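Taken together, the values in this text are just the output of simple stated rules run on the coordinates, not laboratory data. Computed from a predicted structure; not experimentally measured. Methodologically, a virtual Cβ is constructed for each residue, glycine included, from the backbone with ideal geometry; neighbour enumeration extends over all protein chains shown.
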Amino acid sequence: ANAKYDWVKFLPLEESPKRSFLSAEPLLQYRILRTLHLVSKLDQISFSSKMLPSALSIMTSSSTATPEVYDAARELALSLLEQEIFPHSDNDFEAMSCRKYETSLWVDVISEEAIEDLMTMIAEARQQSVQHKMTILQALSKAKLGYDSA
């Protein structure tokens with residue numbers, strides 16, 4: 001039950017052209033993207049952060065043949081970006097609506113050249129969050145020690 005599968009293997013973009021996702025038939029592309037989107041919504045599943053740039057690349061590729069494939073890649077990208085930038089969010093309807101709107105602003109204007117920059121910003125924000133938590137824990141620890149000795 002704890003087996004992990006590298007789902008990003010469904011979206012090979014940089015391998016040989018014969019195995020590239022973009023060289024597959026549009027119907028297969030669409031079905032893969034829809035399946036990944038549905039799986040991404042399951043509580044126990046967390047995708048590798050490599051999946052987001054792949055979905056964004058499919059969206060921005062001039063090889064994306066059909067609007068259905070574009071829409072499916074967009075839906076997957078929206079879901080993955082929301083999970084990346086709002087990992088511990090509540091289910092309040094208004095907050096959920098705002099998160100969806102914010103992620104759509106990022107996804108709808110992304111270009112192939114900006115994907116790497118977006119992923120760098122996400123990684124930096126995550127690192128700052130970890131550093132912030134460590135600073136708070138250190139402060140609380142010091143405050144507790146100071147309180148105990150008083």
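Please give, to one decimal in nm, the separation of the simple spin-label points placed at LEU38 and ALA123, each 7 Å out from Cα toward the Cβ.
Those two pseudo-labels are separated by 3.3 nm.
Using θ = phi - 60° and the Karplus form 6.51 cos²θ - 1.76 cosθ + 1.60, what ³J(HN,Hα) does each residue of region 21-26 get, whole Hz, x for Gly and Pro?
4, 5, 8, 6, 4, x
Run the quick spin-label model on ALA139 and GLU68: label points 7 Å from Cα toward the beta carbon, then report their separation in nm to one decimal.
That separation, rounded to one decimal, is 5.4 nm.
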